[in-house]
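The values are calculated or read from the model by the stated rules, or taken from the named source; none is laboratory data. Keep in mind that this is a model prediction, so the values were computed, not measured. Counting neighbours? That spans all protein chains shown, and the Cβs are built from the backbone with ideal geometry, glycine included. Accessible surface areas use protein heavy atoms only, side chains included; no ligands, DNA or RNA. Shrake-Rupley method; radii C 1.70, N 1.55, O 1.52, S 1.80 Å.
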Amino acid sequence: MLDIRNLHATVADKPILKGISLSVPAGEVHAIMGPNGSGKSTLGYVLSGRPGYEVTEGSATFDGKDLLALEPHERAAAGLFLGFQYPVEIPGVSSLQFLRESLNSQRRSRGEPELSGGEFIKLAREQAALLGMDVDMLKRPVNVGFSGGEKKRAEMVQMGIMNPKFAILDETDSGLDIDALRAVGAGINRIMRAPDKGVLLITHYQRLLDYVTPDKVHVLNAGRIVRSGGPELAHELEREGYAEAAA
Amino acid sequence: MSTYFRINAENTGQFERTLIVAEKGSYVSYLEGCTAPMRDENQLHAAVVEIFAHEDAEVKYSTVQNWYPGDAEGKGGIFNFVTKRALCSGARSKVSWTQVETGSAITWKYPSCILKGEGSVGEFYSVALTNNRQQADTGTKMVHIGANTRSTIVSKGISAGRSNNTYRGLVKVLPNAENVRNFTQCDSLLLGDQCGAHTVPYIEVKNPTATIEHEATTSKISEDQLFYAMSRGLDQEAAVALIVNGFAREVLKQLPMEFAVEAQKLLGISLEGSVG
C-alpha cells in the first residue's frame, strides 16, 4: 500500500532522512519510534508534501502512484491523512465549514458527488459523538481555544469524517490524559483497522501501543531505520531506552 | 434599500450624490454595490454620501465596492475618491458604516461620524483587499462632540501582489464630550513579500474622562495554516480564500446575509493567482 524506498530528505539543506526503506501493506499498522530529532516528524511531513522538506533521493509510492509528485491536496484526495502533532488554529473559520469544504474538494477530485449541508452535518455529528465530542465544538473556529487534548481528539474527528485509506499520525498521543488516550486509541482502531487501510503511527512512547497494537515496530535514529520487529520491540524500548535498543 | 452603481461608458466619470435623512426613531439598512467594465484608461468616481440621523434613529450603510482595479501591471482602473459622512444629531442615534473594498486602482475613502447627540453611536467595519498594483488608503473619522458617545472601529486590510494598503483614521474627543468610549482594532494580513500594509491612526483627546483603546496587528499569511488546510484536501487558492475569509469574519458578519455570501466569494476571486 505504502512503499518507501531509500528515501533521503533535507530541511534547509540539512540532511534529515538518510535512506529510509519501509513498506506498509494494506491491513497493517506500523509504529515508528525513536528519540527526539531522529526524523520521525520529517518523515510524516515529507510523505504529506509539506513545502520546505526536499526529497533528494529515493521514492515513495501509494497504491502504485508516485506520492512525491503530488501536491498536498492531491495526496489528501488520493486517501492520505496526516494527523498533526500540533494541530493548527484557523481563526474565523468554523471546523464544520473547514471540513465540509475540504471533504467536498477531495470528493470532487475523485469524481464523487459532493455532500449537501444536511448530509455533512449528520456525518460530523456521528463522528464527533463517537469520540465523545459535542458537535457544538465543531461550530467554533478550527482548533481555536481548544486544549491540547481537545485538539488531538478533534484531529481524530477530522480523520473519521475524511475516512482516509491511509493515516500518518504524528505523536497523536502526546499531551493526552488516560481517558483521552483511550478514546483516541479506540478511534484509530475503529476508523483505520480494516483490510484495505493502513496506518503509520509516529510515537515516542509505548503507551498508545497498549490501545493500538502495531503489526510492526520500526526504530528510527539519525534519519535511518536501525531496527524493525513485532510489537514486543516497543516493550523492549520502553524497558531499555533507545540508546540500548539502537546499539 | 438596495442600490447598484455602474460606470459603463468610456471616458466618463461618475459623480453621484446620496443623502439619507433618518427621522426620529426610524431604522434603515442601505446597501450599495459598484462595478465597472475593464478599460485601459483610468476613470474617476467621486461621490458624496451624507447621512443625517435624528433622535433614536439608526442607519446601517453597507458597501461592496468592486470597481475595475486595472490589469496586473496597473494599467487602467477606477480612481475611487469618495466623501462619506454622517451626522448623529439626535440623542441615542446610531450610524454604522460597513465596507468591503476589493476594486479600484486607487481608493481614498474615510466614512466619518460626527457624534453630536448625547449617547449617539458610530461604527466602522472595513475589509480592504488590494492585489497587483492597487492602492487603498481608507479608514474613518469619529468625532465625539456629545457626552456618553461611543464608537467602534474594526479594520481588516489584506495586501497581495505589489499593492499597498493603508488604514488612516481619526478619533477625536472634544472638551465637552464627557465619558466617551472608543475601541479601535486594525489588523493587516500580508500575502507575499512585495506588498505593503500601513496603519496611521490619529487620536486627539481633549477630555480626560474618555476611554480610548487601540489594537493593531500585522502578520503574514501563515505557512502552517496553508499546509494544514491543503493537507485536508483544499488546493492552494481555496486554502488562501478560506484563511482570508476567516481573517475578515468579524467584518463580514456585519453585512446583511445575502451580501455576506457575495463578499466572501469576491475576496476569493480578487486573490486568484496572488500566491504561489
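Odds and ends about this structure:
- Index of the failed condition, A:Ile90 passing every other in (1) farther than 30 Å from B:Lys156 by Cβ; (2) in contact with a Leu (Cβ under 8 Å, 6 or more places away or on another chain): (1)
- Summed over region A:187-207, the residues that are under 13 Å from A:Ala167 (Cβ atoms), in contact with a helix residue (DSSP H, G or I) (Cβ under 8 Å, 6 or more places away or on another chain) and either hydrophobic (A, V, I, L, M, F, W, C) or open to solvent by 60 Å² or more (accessible area, probe 1.4 Å) (or both) give a count of 8.
- Across region B:69-103, the qualifying residues are those that are part of a loop (DSSP other than H, G, I, E, B) and among the polar types (S, T, N, Q), and the one among them that is most open to solvent (accessible area, probe 1.4 Å) is B:Ser89.
Listed here are the residues, each with its yes/no results for (1) under 16 Å from A:Leu43 (Cβ atoms); (2) without any contact (Cβ under 8 Å) to a residue 40 or more places away in the chain; (3) in contact with a strand residue (DSSP E or B) (Cβ under 6 Å, 6 or more places away or on another chain).
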residue: A:Ser174; (1), (2), (3): no, no, no
residue: A:Asn189; (1), (2), (3): no, yes, no
residue: A:Val199; (1), (2), (3): yes, no, yes
residue: A:Lys216; (1), (2), (3): yes, no, yes
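- Within the set A:Glu101, A:Glu114, A:Glu54, A:Glu74, the sole residue that is under 29 Å from A:Ala183 (Cα atoms) and of a type in the set (Asp, Glu) turns out to be A:Glu101.
- Selection count, region B:253-276, where residues are within 23 Å of B:Gly161 (Cα to Cα), touching a residue at least 60 places away in the same chain (Cβ under 8 Å) and crowded, with 17+ Cβ neighbours inside 10 Å: 6
- Listing of helices (runs of 4 or more DSSP H) fully contained in region A:64-156 that carry 2 or more residues being at negative phi and more than 10 Å from chain B (Cβ to nearest Cβ): A:95-109, A:117-130
- Inside region A:36-69, residues that are acidic (Asp, Glu) and within 14 Å of A:Ala12 (Cα to Cα) make up a count of 1.
- Selection of region B:81-119 for residues being on the phi < 0 side of the Ramachandran plot and among the hydroxyl-bearing types (Ser, Thr, Tyr) yields B:Thr83, B:Ser89, B:Ser93, B:Ser96, B:Thr98, B:Thr102, B:Thr107, B:Tyr110, B:Ser112.
- Condition met for B:Ala241 (within 22 Å of the chain's Cα centre (by Cα) and in contact (Cβ under 8 Å) with a residue 12 or more places away in the chain): yes
- Matching residues, region B:104-152, being in a loop (DSSP other than H, G, I, E, B) and among the aliphatic types (A, V, I, L, M): B:Ala105, B:Ile145, B:Ala147
- Test: A:Ala167 is crowded, with 21+ Cβ neighbours inside 10 Å, assigned to a helix (DSSP H, G or I) and within 14 Å of chain B (Cβ to nearest Cβ): no
- For region A:62-79, a tally of residues being touching a residue at least 12 places away in the same chain (Cβ under 8 Å) and open to solvent by 40 Å² or more (accessible area, probe 1.4 Å) returns 6.
- Counting the residues of region A:22-57 that are more than 28 Å from A:Tyr211 (Cα to Cα) and open to solvent by 40 Å² or more (accessible area, probe 1.4 Å) gives 7.
- Residue in region B:224-244 that is surrounded by the fewest Cβ atoms within 10 Å (Cβ to Cβ), counting only those that are under 15 Å from A:Gly52 (Cβ atoms), at the interface with chain A (Cβ under 7 Å from one of its Cβ atoms) and not small (Gly, Ala, Ser): B:Asp224
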